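**Student:** Have a look at the structure that comes next, please.
Derivation of every value follows stated rules applied to the coordinates shown; laboratory data play no part. Note that the structure is a prediction, hence the values are computed from the model and not measured. Cβ sites come from the backbone with ideal geometry, for glycine too, and all protein chains shown count toward neighbours.
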Amino acid sequence: MLQNDLLLRTLRGEKTERVPVWMMRQAGRYLPEYMVLREKYGFFERCQTPELACAITIQPIDIIGVDAAILFSDILVVPQAMGLEVQLIESKGPVLPDPIKSLSDLSRVRIPDVNESLGYVFDAIKLTKKELNNRVPLIGFAGAPWTLLCYMVEGKGSKTFDKAKAFCYTQPEAAHQLLQMITDTTIAYLKGQIAAGADTVQVFDSWGGLLGPDDFENFSLKYIRQIVAALKDTVPVIVFAKGAWYSLDAMAATGAAALGIDWCITPAKAREIAGNNIVLQGNFDPVKLLLPIPEIKKEVTKMLNDFGGHNHIANLGHGIIPSIPVDHAKAFVDTVKEWRPNN
Ligand code: CP3
């Protein structure tokens, strides 16, 4: 039995003694302990070595006291397993030197045997579950098909992902074929994570908000829906489509247990759109963690009051940034842990 199952009880819709808290990208460059391992090992080496992935996953549990661990890995291990080369370049972020441009490029992409190509992730999950020793639940994850297509077509990070959008609009047949291949791979991949011990999974659609509502339905939600349907009877599924607040109602209808929101929508408005029967996760602006600690406490308290203390998982509205001091991240977590409704 888990010693701290606040997150899982909240995901089941139960009333809990306090709001659970974790942070997207909680294992990362703001932690000096992470930087020590980053000096010694390459990014994918850290992902592919279960002992390293496990050690990095557990760092924020010990150091800042979050209520859940999220496996250290990356969404881009899936395009890699599907046959594309992915590099992580120090100052540039992810680079895919040979991106998908047309239907004929799809011959270079395969639906892999996930046990063969991503077995290292399952091994990392098994080891992490053992090392966590039931302290907190472990969150598995994958990128949403649309967000993975963004990188597979654009070949690198972008603010607008013009090439990826143009690919979908001008070559919809190829786009849908690719999206379905990613979806099939992702379902097998997340099932493998769950079999290895992940207690819940989050689907990251970081670039969902680049699409208007109709295109979000056509190129993103249609595939997220398949993923949620395949998993939701086994573990609770969290869907985070950053910026796609206009589709919170449609996302709630997928059967997801929780929906992530960013800071560009108020908790009240998000609740109004999503309805009352779903958990909301978020939505602190990560840059506000640069404020002095007393102001962080004030802002976090306001966020908690706005969500109301039930059906809420406290989190950031996107990943933590490397310049955040560790004691500021801890102030975020501690404020959530100390807060009670009607304070
Ligand atoms: O949340 C966690 O702590 C778990 C680990 C995790 C990472 N990436 C580790 C990582 C998770 C859940 C991700 C997801 C991810 N990866 C997303 C979706 C979430 C989001 O932030 O929108 C995306 C879009 C990626 C792709 C990616 N990986 C980018 C754009 C970058 C470079 C930018 C950056 O933040 O450095 C990465 C690298 C990456 N993934 C790092 C970490 C800790 C930094 C690597 C390093 O320099 O050490």
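**Student:** Would you list Asp5, Asp113 from fewest to most Cβ contacts within 10 Å?
**Tutor:** So the residues, fewest neighbours to most, are Asp113, Asp5.
**Student:** Filter the trypsin sites (Lys or Arg not before Pro) in the stretch 152-193 to those in DSSP coil with at most 12 other Cβ atoms within 10 Å of their Cβ, and list the result.
**Tutor:** Loop-located and lightly packed - Lys159.
**Student:** Tell me, what is the percent relative contact order of the chain, built from C-alpha pairs under 8 Å that lie six or more residues apart?
**Tutor:** Over the chain, the number comes to 21 percent.
**Student:** If Lys and Arg each add +1 and Asp and Glu each add -1, what is the summed charge of the other residues whose beta carbon sits under 14 Å from the beta carbon of Asp249?
**Tutor:** Summing Lys/Arg as +1 and Asp/Glu as -1 gives +1.
**Student:** Which of the trypsin sites (Lys or Arg not before Pro) found in the stretch 1-105 are loop residues per DSSP with 15 or fewer other Cβ atoms within 10 Å of their Cβ?
**Tutor:** Hits after loop and neighbour filter: Arg12, Lys15, Arg29, Lys92, Lys101.
**Student:** May I ask you to list the GluC sites (Glu not before Pro) in the stretch 34-111 that are in a DSSP loop and have at most 16 other Cβ atoms within 10 Å of their Cβ?
**Tutor:** Of the GluC sites (Glu not before Pro), the ones in loops of the stretch 34-111 whose Cβ has at most 16 other Cβ atoms within 10 Å are Glu85, Glu90.
**Student:** So, counting K/R as plus one and D/E as minus one, what does the shell of residues with Cβ under 13 Å around Trp263 add up to?
**Tutor:** 0
**Student:** Hey, another quick one. Among Leu96, Ala195, His176, whose Cα lies farthest out toward the positive end of the dipole of the stretch 6-242, if unit charges sit on the beta carbon of Lys, Arg (+1) and Asp, Glu (-1)?
**Tutor:** Ala195
**Student:** Could you put Thr16, Thr234, Thr185 in order, starting from the residue whose Cβ has the fewest other Cβ atoms within 10 Å?
**Tutor:** Thr234, Thr16, Thr185
**Student:** Nearest 500 deg cm²/dmol is fine: what mean residue ellipticity at 222 nm does the chain get from its DSSP H runs of n ≥ 4 alone, each adding -39,500 (n - 2.57), divided by its residue count?
**Tutor:** Value at 222 nm, helices only, nearest 500: -13500 deg cm²/dmol.
**Student:** Oh, and also: Excluding residues fewer than 8 places away in the same chain, name every one of the lysines whose C-alpha is closer than 23 Å to that of Lys129.
**Tutor:** Lys191, Lys232
**Student:** Taking the Cα centre of the chain as origin, sum charge times position over the Cβ atoms of Lys and Arg (+1) and Asp and Glu (-1), and report the length of that vector in debye to the nearest 20.
**Tutor:** 420 debye
**Student:** While we're here: Hey, what does the equivalent ellipsoid look like for the stretch 6-242, semi-axes from the Cα gyration tensor as sqrt of 5 times each eigenvalue, largest first, whole Å?
**Tutor:** 29, 21, 16
**Student:** Measure out, as a whole number of angstrom, how far apart the alpha-carbon centroids of the stretch 149-214 and the stretch 254-302 sit.
**Tutor:** 24 Å
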